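Below you'll find the structure, written out as C-alpha cells, and then a few comments.
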Amino acid sequence: MHIEDAVEPAADLPEVERPTRVALFRLMLLQRYAEDRILARYRQGRISGSVYTGRGQEGVSAACGLALGPDDVVAPLNRELACHFARGVEVAHVFRNFLGRGNGPSFGRDGNMHFGVPERNVFPLVSMLGCLCPVAVGAALAFKRRGEARVAMTFWGDGAMSTGDVHEGLGLAGVLDVPVVFVIQSHRFAYSTPTERQMRNTNIAERIERGWSIPCVRVDGTDAIAVYAAAVGAVTRARSGEGPQALEALTLRVHGHAAHDSALYVSDELRAQYGDPVERLAARLLLDGLAEGEVAATREAAEQEVAAGLAEAEADPAPDPATLTRGVYSSAIGRPARRR
C-alpha cells in the first residue's frame, strides 16, 4: 500500500500560492543541505554530540514552521531543523551549536539540537521526547488567559505516543480548550520498534480524536504543500478559539534513529512506499510553471547559504576553558539559615 492510500482527501484546505511553495522548497533544501554537512562532520569526528537527521521529513517541519505567525511559539524536536529556519534562525547559529563554538546558543556545552532561540519564540529541545507536549499546553494556556491571539505548536513521533507526558498534555489541552497545535510525525518506528509493536491501533489521528476529542487531520507527510495547507487550517482554528488541534503526518525516517544507527530493520519494501519530499516538491514546482532555471537557482542559493553559515561557524572560537563551570554552579543562593 502506498502512503497516499492511507490518507483521506482533505476538504476545504486553503490554496497554497506559488511564492509560498518556493519558500517551502527553500526551507526544505536548507534542512537537507545543513544536515548533510552535519552528518559528514560527525563521521569525521568533528562533532562530539549526537546527530539526529530529519531526511524524508523536511516537508513537515518546513510547512508547520511556515504556517505559524510571528508571535506564535514553537517547541520543535531534533528532526525539525527547517522549523528553526522558518522562524528566522540563522544557519550559522545551528552550526555553532553542533560544532561546540563558544558563541553558540549553548556556549559550547552541547553538540546537538538542545537549544532554543527565545527571541524567535523557539523553545529548547529536551531529550525526554514527549515532555514538550505539556509545556506547549502551558504556553497556550497563558495566551488564553491573557486574551492573546497566539498559538503554541509542538512535535513528537510514534514512540512518544506511548509516554505519560503526551497523554497528560493531550488531556489537559482538551479540558482547558487552549490554542495549541500538536504535530505527530508518524515515521513507522520508535527507534527500531515498529509502531504496530507498541500500539494496537496505529492510526494515531483516530486515537487522538477518540481518546481526547481533539480534531486531528491525517496528511501525507511527503507532500509539503498538503502539510502546509493542513497546518494553516489547524493554526487558524486554534487561533480563532476552536481549541486544540492536531496533525498526523505520515512519513518515513530515512536515516536511523541517530547517526550511529544503520536502520537495517527498515525493509526495502517499506522504503519503496515513500518518496523524497524535496524532489516531490521540485517536480510540483515545475508542473506549476516554474522554470527549471528557477528551481536550480533556488537549490544553488540554499547551497550557498548553508556553505556560508558553516564557514562562519567554523571560523568562530571554541569556548574559553576558564568558563567551564559557568551556568553549572550558583554563588547567589548563599548559606542556608541556621536552625535554632
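The values are calculated or read from the model by the stated rules, or taken from the named source; none is laboratory data. Quick caveat: nothing in here was measured; it's all calculated off a predicted structure. Cβ atoms come from the backbone with ideal geometry, glycine included; neighbour counts cover every protein chain shown. Only protein heavy atoms, including side chains, enter the accessible area calculation; ligands, DNA and RNA are left aside. Shrake-Rupley method; radii C 1.70, N 1.55, O 1.52, S 1.80 Å.
Going residue by residue through segment 192-213, is there one that turns out to be more than 28 Å from Leu141 (Cβ to Cβ), out of contact with any helix residue (DSSP H, G or I) (no Cβ under 9 Å at 6 or more places or on another chain) and part of a strand (DSSP E or B)?
yes
Please state which one of Val175, Val137, Val183 is assigned to a helix (DSSP H, G or I) and touching a Leu at 6+ places or on another chain (Cβ under 6 Å). Explain how you work it out, then say what you get.
Working: Val175 fails: touching a Leu at 6+ places or on another chain (Cβ under 6 Å); Val183 fails: assigned to a helix (DSSP H, G or I).
Being assigned to a helix (DSSP H, G or I) and touching a Leu at 6+ places or on another chain (Cβ under 6 Å) holds for just one of Val175, Val137, Val183, which is Val137.
Run Arg109 past the list (1) part of a helix (DSSP H, G or I); (2) open to solvent by 30 Å² or more (accessible area, probe 1.4 Å) and report the number of the one that doesn't hold.
With respect to (1) part of a helix (DSSP H, G or I); (2) open to solvent by 30 Å² or more (accessible area, probe 1.4 Å), Arg109 is out only on (1).
I'm checking my understanding of the structure. Among residues of segment 126-154 that are within 22 Å of Gly327 (Cα to Cα) and in contact with a helix residue (DSSP H, G or I) (Cβ under 8 Å, 6 or more places away or on another chain), which one is most open to solvent (accessible area, probe 1.4 Å)? Give the derivation first.
Residues of segment 126-154 within 22 Å of Gly327 (Cα to Cα): 126-128.
With the extra rule that they be in contact with a helix residue (DSSP H, G or I) (Cβ under 8 Å, 6 or more places away or on another chain), the set shrinks to 126, 128.
On the way: Val126: 59, Met128: 132 Å².
The qualifying residue most open to solvent (accessible area, probe 1.4 Å) is Met128.
Restricting to segment 36-55, name every residue that is surrounded by 20 or more Cβ atoms within 10 Å (Cβ to Cβ) and either closer than 11 Å to Ala82 by Cβ or within 12 Å of the chain's Cα centre (by Cα) (or both).
Tyr52, Thr53, Gly54
Is it the case, given these coordinates, that Arg32 is modelled with pLDDT of 95 or more, open to solvent by 40 Å² or more (accessible area, probe 1.4 Å) and in a helix (DSSP H, G or I)?
On the way: modelled with pLDDT of 95 or more: yes; open to solvent by 40 Å² or more (accessible area, probe 1.4 Å): no; in a helix (DSSP H, G or I): yes.
So Arg32 does not fit the description; no.
Taking the criterion of being more than 25 Å from Gly138 (Cβ to Cβ) and surrounded by fewer than 24 Cβ atoms within 10 Å (Cβ to Cβ), would at least one residue in segment 71-86 satisfy it?
Within segment 71-86 (the criterion being more than 25 Å from Gly138 (Cβ to Cβ) and surrounded by fewer than 24 Cβ atoms within 10 Å (Cβ to Cβ)), the answer is no, since none of the residues qualifies.
Restricting attention to segment 214-227, report how many residues are touching a strand residue (DSSP E or B) at 6+ places or on another chain (Cβ under 6 Å) and in a loop (DSSP other than H, G, I, E, B).
Within segment 214-227, residues that are touching a strand residue (DSSP E or B) at 6+ places or on another chain (Cβ under 6 Å) and in a loop (DSSP other than H, G, I, E, B) number 3.
Among the residues in segment 57-67, are any modelled with pLDDT under 95, within 27 Å of Tyr191 (Cα to Cα) and of a type outside the set (Ser, Thr, Tyr)? Full working, then the answer.
Kept after step one, since they are modelled with pLDDT under 95, are these residues of segment 57-67: 57.
Okay, now just the ones that are also within 27 Å of Tyr191 (Cα to Cα), so 57.
Subsequent filtering for residues that are of a type outside the set (Ser, Thr, Tyr) retains 57.
Yes: segment 57-67 contains one or more residues that are modelled with pLDDT under 95, within 27 Å of Tyr191 (Cα to Cα) and of a type outside the set (Ser, Thr, Tyr).
Condition first: touching a Lys or Arg at 6+ places or on another chain (Cβ under 8 Å), surrounded by 15 or more Cβ atoms within 10 Å (Cβ to Cβ) and not small (Gly, Ala, Ser). Now tell me which residues in segment 267-302 satisfy that.
Val278, Leu281, Arg284, Leu285, Leu290, Thr298 - these are the residues of segment 267-302 that are touching a Lys or Arg at 6+ places or on another chain (Cβ under 8 Å), surrounded by 15 or more Cβ atoms within 10 Å (Cβ to Cβ) and not small (Gly, Ala, Ser).
If you go through segment 151-161 one residue at a time, do you hit one that is part of a loop (DSSP other than H, G, I, E, B) and under 22 Å from Arg188 (Cα atoms)?
Residues of segment 151-161 that are part of a loop (DSSP other than H, G, I, E, B), as a first pass: 151, 158.
Next, only the ones that are under 22 Å from Arg188 (Cα atoms) stay: 158.
Checked segment 151-161: at least one residue is part of a loop (DSSP other than H, G, I, E, B) and under 22 Å from Arg188 (Cα atoms).
Which of the residues spanning segment 291-340 are modelled with pLDDT of 95 or more and hydroxyl-bearing (Ser, Thr, Tyr)?
Result: Thr298, single match.
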